[in-house]
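Shown next, in structure tokens, is the structure this report addresses.
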Ligand SMILES: Cc1cc2nc3c(=O)[nH]c(=O)nc-3n(C[C@H](O)[C@H](O)[C@H](O)COP(=O)(O)O)c2cc1C
């Protein structure tokens with residue numbers, strides 16, 4: 001798939017088909033993800049794959065309780081209401097979750113993980129899969145007790161929890177505001193660009 005088509009066509013997917021992507025398919029998008037640019041090519045990331053709808057539904061209950069407990073008082077009642085709703089599954093009944101983790105406590109490693117996450121989401125889209133970054137899960141994933149339960153090494157930090165599966169419904173593009181651009185010393189006129 002053309003890269004621009006992937007960038008414009010990717011959506012956050014929250015409804016999935018019953019089929020679970022095979023381990024091979026998930027490994028292939030992780031292989032794509034590690035092509036992301038990263039600072040001094042340290043590749044200080046790891047990928048934890050959690051499979052199983054029932055397991056993820058149980059984790060959702062734990063993660064919601066942790067997220068509610070950590071919400072600052074100023075947070076809107078809408079968000080609070082979502083987390084309190086018993087039927088709300090923060091993983092949207094997805095068949096699998098890929099957690100991109102930082103493996104070094106050094107500058108720029110989290111940025112590297114975010115780039116790997118975006119590369120994974122674009123590659124997944126190009127391969128007919130759907131993804132959604134689940135920020136709601138981050139706090140819970142980084143609790144010492146959760147790391148012990150899931151076998152995440154204590155020094156690894158969960159940066160990008162991404163659900164993945166085959167999309168059942170693709171939402172309409174939510175749209176974007178025009179980017180705020182501030183030029184310093186520009187812009188270059190089109191004719192100058194054409195002239196090289
Ligand atoms: C850091 C981050 C955290 C997010 N957390 C959640 C989340 O917890 N739950 C959710 O449904 N979507 C989450 N999203 C998905 C966004 O809501 C979605 O990307 C946004 O609405 C734009 O839609 P699009 O991705 O289809 O363009 C998150 C996205 C990012 C980048």
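What follows is calculated from the coordinates using simple rules that are stated; it is not laboratory data. On a predicted model such as this, the values are computed, not experimentally measured, just so you know. Methodologically, a virtual Cβ is constructed for each residue, glycine included, from the backbone with ideal geometry; neighbour enumeration extends over all protein chains shown.
Which of rounded, prolate or oblate describes the range 87-163 when judged by the alpha-carbon gyration tensor and an a/c cut-off of 1.5?
Oblate, since a/c reaches 1.5 and b/c is not below a/b.
For helix 53-70, what angle does its Cα long axis make with the longest principal axis of the chain, in degrees from 0 to 90 and rounded to 10?
On a 0 to 90 degree scale, this one is about 80.
Residue 190 to residue 6: FRET efficiency via 1/(1 + (r/R0)^6), r the Cβ-Cβ distance, R0 41 Å, to the nearest 0.05?
Efficiency, from the Cβ-Cβ distance: 0.90.
So what is the diffusion coefficient of the chain in µm² per second by Stokes-Einstein at 37 °C and 0.692 mPa s, using a Kirkwood Rh over Cα pairs?
The estimated diffusion coefficient comes to 178 µm²/s.
With springs only between Cα atoms under 10 Å apart, run a GNM on the chain and tell me which of 82, 182, 108 wobbles the most.
Maximum among the listed residues: 182.
Take every Cα pair under 8 Å in the chain that's 6+ residues apart, average their separations, divide by the length, and report that relative contact order as a whole percent.
34 percent
Taking 0.36 nm per residue of sequence separation and subtracting the Cα-Cα distance, how much length would be gained by fully extending the chain between residue 15 and residue 180, in nm to one decimal?
In short, 56.2 nm is gained.
Once every DSSP H run of n ≥ 4 in the chain is given -39500 (n - 2.57) and the sum is divided by its residues, what mean residue ellipticity at 222 nm do you get, rounded to the nearest 500 deg cm²/dmol?
For the chain, the value works out to -11500 deg cm²/dmol.
Spin-label point model (7 Å from Cα, Cβ direction): what's the residue 40 to residue 104 distance in nm?
About 0.6 nm separates the two model spin labels.
In which sequence would 60, 28 go, from the one with the fewest C-beta neighbours within 10 Å to the one with the most?
28, 60
Using only Cα atoms, locate the centre of the range 148-192 and the centre of the range 64-134, then give the distance between them in Å, rounded to an integer.
12 Å
Tell me, what are the semi-axes, in whole angstrom and largest first, of the equivalent ellipsoid of the range 1-58 as set by the roots of 5 times the Cα gyration tensor eigenvalues?
Calculated on Cα positions only, the semi-axes equal 24, 19, 11 Å.
Which distance in nm do the two modelled labels at residue 79 and residue 145 give, with both placed 7 Å along the Cα-to-Cβ direction?
Label-label distance for residue 79 and residue 145, simple model: 2.2 nm.
Tell me, 83, 104 in order of fewest to most beta-carbon neighbours within 10 Å?
With the fewest neighbours first, 83, 104 line up as 104, 83.
Only counting other Cβ atoms within 10 Å, I'd like 99, 184 sorted with the fewest neighbours first.
184, 99
For the chain, take the longest principal axis of its alpha carbons; what is the angle in degrees between that and the long axis of helix 23-33, to the nearest 10 within 0 to 90?
Taking the Cα atoms of the chain, the angle to 23-33 is about 40 degrees.
Please check: in the Gaussian network model of the chain (C-alpha springs, under 10 Å), which one of 66, 117, 85 has the largest mean-square fluctuation.
85
For the chain, give me the percentage of DSSP beta bridges that are antiparallel, rounded to the nearest 5 percent.
Taking every DSSP beta bridge within the chain, about 95 percent pair in antiparallel fashion.
Using only Cα atoms, tell me the angle between helix 109-126 and the longest principal axis of the chain; keep it within 0 to 90° and round to the nearest 10.
Helix 109-126 sits roughly 90 degrees off the main axis of the chain.
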